[in-house]
């Protein structure tokens, strides 16, 4: 059996009882970054063996894991944060298991794109998830051009060191659309900042981007936000 186990995207408490039970019971845990995952496993006293499974070893390690499952072992797949298979190499192992008639089940839980969409205030009845855009600007602009007539909410992931370049391309290709920028979901410095693309470029030029980002684009964008006071958890909201 292959278990697809969702893990917290920031707050260690955001894990289900079932996820803990599965991780405690399986024969082997395949983790994208074993050092990162061991923090969670140690917190919940999970002692199952852990092996690395990431982008650069996914083919070789995939065969190893497949053999283990064919030999009767149960394997839990976890990613650094959130749901495996979403913008990470877990997709390859899931397909490999399916192609070899290995039972696959999901232990659902946190997912950054769904969490960001749910608090963005943007239409959530229909959306497009495009993951990480291409690294090179020309390819990134070609991808963005596909959304010029998109009526659904578009959701992207972006790293802090590419955020400004991506926002600049969005500004130029999509004519300064309304954007909601969500970063550090469930963590101490969680931030939800809506505005025009130009607004966000100005803000992150003055304030160096930190953390992992979810960008949400919509024709039905929010009114430009105001700065809200810190809430009880110390987070600042822009609504």
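The values are calculated or read from the model by the stated rules, or taken from the named source; none is laboratory data. The structure presented is a predicted model; accordingly, all values stated were derived computationally and were not measured. All Cβ positions, even for glycine, are placed from backbone atoms using ideal geometry, and neighbour counts span all protein chains on display.
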Practice item. Look at residue 38 and say whether it is part of a helix (DSSP H, G or I) and within 15 Å of residue 81 (Cβ to Cβ). Key: yes
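Here's the yes/no breakdown for (1) surrounded by 16 or more Cβ atoms within 10 Å (Cβ to Cβ); (2) under 16 Å from the mean Cα position of the chain (by Cα); (3) at negative phi; (4) at pLDDT 95 or above:
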site: 121; (1), (2), (3), (4): yes, no, no, no
site: 128; (1), (2), (3), (4): no, yes, yes, yes
site: 140; (1), (2), (3), (4): yes, no, yes, yes
site: 149; (1), (2), (3), (4): no, no, yes, no
site: 158; (1), (2), (3), (4): yes, yes, yes, yes
site: 163; (1), (2), (3), (4): yes, yes, yes, yes
Exercise for review: State whether one or more residues within segment 59-72 are surrounded by fewer than 16 Cβ atoms within 10 Å (Cβ to Cβ), more than 22 Å from residue 184 (Cβ to Cβ) and in contact with a helix residue (DSSP H, G or I) (Cβ under 9 Å, 6 or more places away or on another chain).
Suggested key: yes
Practice item. Go through (1) in contact with a strand residue (DSSP E or B) (Cβ under 9 Å, 6 or more places away or on another chain); (2) within 23 Å of residue 174 (Cα to Cα) and name the single condition residue 93 misses. Key: (2)
Exercise for review: Can you confirm whether segment 80-102 contains a residue that is outside any loop (DSSP other than H, G, I, E, B), surrounded by fewer than 16 Cβ atoms within 10 Å (Cβ to Cβ) and under 22 Å from the mean Cα position of the chain (by Cα)?
Suggested key: yes
Review point. Only one residue in 4, 29, 46 is touching a residue at least 24 places away in the same chain (Cβ under 8 Å), in contact with a strand residue (DSSP E or B) (Cβ under 9 Å, 6 or more places away or on another chain) and not in a strand (DSSP E or B). Which one?
Key: 46
